[in-house]
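Read-outs: derived from the displayed coordinates by stated rules, not from any lab. Computed from a prediction, not measured in an experiment: that's the story for all the values here. Using ideal geometry, Cβ is built from the backbone for each residue, glycine included, and neighbour counts are taken over all protein chains shown.
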Amino acid sequence: MILADKGFDVWIANTRGTRFSRQHTSLQPSQSEFWNWSWDELAAYDLSAVIDYVHEQTGQKLRYVGHSLGTLIALASFSEGLLVDKVQSAALFSPIAYLSNLKTALGNFVARSFVAEDIAFFGIAEFNLLGEPAKRFLETACAAPGVDCFDLLTAITGKNCCLNASAVDFFLENEPQSTSTKNFVHLAQTVRDGVVAKYNYGNSTNMIRYGTSKPPTYNLSNIPQNLPLFLSYGGQDDLSDTQDVQHLLDNLQSHDVTVQFVEDFAHADFVFGVNASDIVYSQVTTQDGYILGLQRIPEGRSASGDSANKPPVLLQHGVLVKGLLVNQVKSAALLSPIAYLSHMKTAFDNAAAKAFAAEATAFFGMAEINPLGEAGQDFKIVCAKPGVNCFNLLRKNCCLNASAMDFFLKNELQSTATKNMVHLAQTVRDGAVAKYNYGNCSSNLIHYGAIKPPIYNLSNIPQNLPLFISYGGQDALSDTEDVAQLLDDLKFHDVLKLTVQFVKDYAHADFVSGVNATDIVYSQVYKFFMNHHF
């Protein structure tokens, strides 16, 4: 509610596959084709549909706030010159463009063991952490050498410092949300390949889809230099690792960017908060038929009654969560960015990505990944792998407390497409931010006109688009090296419009549920907005 209280017209997005976005014009979530997407499609269709809708409704340019995967899809879109004419500025928390330095043992095991690909191979298209396949997946990953899942949240995101009991309760009740296995494959490709590229379908299919044997890379340095950016990251974030964030910042060295580093924050600290009351619901249909839920907070707690001229702000969540109105309104803003994923440090995530777990899930016909459904069994498999400890999947987020964990468990995890998880796994393994790799030259050629999936050129993001990127030093998902690679893509960005924040102690969850996130992160986001004429 912070942004709403400050006079902003707040909109909260929900990507396909999550609780509020499980409809399609012709497909059902029970069909594998419903989950045939990765974050390529989130960047190309979901983000475009939502921003176009809010822009049309308000008649104003938006202030974009993204966390984790929400930073990746924004960077990918901006780098290709999309939507920048409708975005006033962007705040990125726990940015995850580059992921090759991912620090979570779980994440690294998943990505580097091709686990997501294995899951997709078995036909599991939806990756639902609460389902049986996901549970088996976790058992395998957490049993891998070096993977400690005692604290599952910490195992995935790093040690969040600032979560409280209510935030955790809310999370557990509402999250995690489903995603596609293909999306995880793409993330795994990003971790392994060390680049922000389009999904890698394999040489032959890449040729068909992209016209090249390798997927095109997103050139982050193409982000307009005059686009104001605020980037905030945590020192304990094992997903948005400090080295990956630095890589991202290198890409943005010529950009107008404000950087905030929160030493104690991990990935979840940036986003967790309390719930909101007055909500307006809308639906948006993407060009490829997905019907997305969109929430709006037109009034803050002061309720002035005049929302017509308030500057609009769009909040975009990360993977396996949904856009739910809590003080998470303060949580979104390229937090824990995950463009590149090849440095992802969680043993669990690396095990899943590099063992092709998402691909295996897809192979077994599971199009939807529902963490509360069959996919949950797959997590047990991953958690059983040597070196993988899934006792605490959130890992060492520095700033989470019991209430934050309760909040998380009540509201997450959300479903996604198994294909989306496959795509994410591809991103982990391939080290590039690329479109989905269909795995063979012919399929890629059909989709892209090239044997390899096109790379998202993040440097194509308009250089005059204001960006705020925030990442944590303990984030095993948005590893610092991967974020550094993302920033390197933005190196020609207008330096006055790119703001980068590094929070040394923050892990992935600290950015959204951290008890001190308001003071450390969101106050900087507000200053960033005000500095760019909001």
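A few notes on this one:
- Fewest-first sequence of Ile119, Ile297 by Cβ atoms within 10 Å of each Cβ: Ile297, Ile119
- Sorted by Cβ density within 10 Å, fewest first, the residues Asp5, Asp482: Asp5, Asp482
- Segment 446-477 versus segment 201-270: alpha-carbon centroid distance in Å: 6
- Ordered by the number of other Cβ atoms lying within 10 Å of each residue's own Cβ, fewest first, Arg22, Arg16 fall into the sequence Arg22, Arg16.
- Subset of Lys214/Lys491; Lys61/Lys527; Lys61/Lys419; Lys396/Lys435; Lys310/Lys396; Lys214/Lys396 violating a 28 Å alpha-carbon distance limit: Lys61/Lys419; Lys396/Lys435; Lys310/Lys396; Lys214/Lys396
- Unit Cα scatterers, Debye sum, segment 33-136: log10 I(q)/I(0) for q = 0.12, 0.24 Å⁻¹: -0.54, -1.29
- Note on Thr25 and Asp519: the model spin-label points, each 7 Å out from Cα along the C-beta direction, lie 5.0 nm apart.
- Across segment 521-528, computed HN-Hα scalar couplings (Karplus, 6.51 cos²θ - 1.76 cosθ + 1.60, θ = phi - 60°) run 9, 6, 5, 6, 5, 4, 4, 4 Hz from first to last residue, x flagging Gly and Pro.
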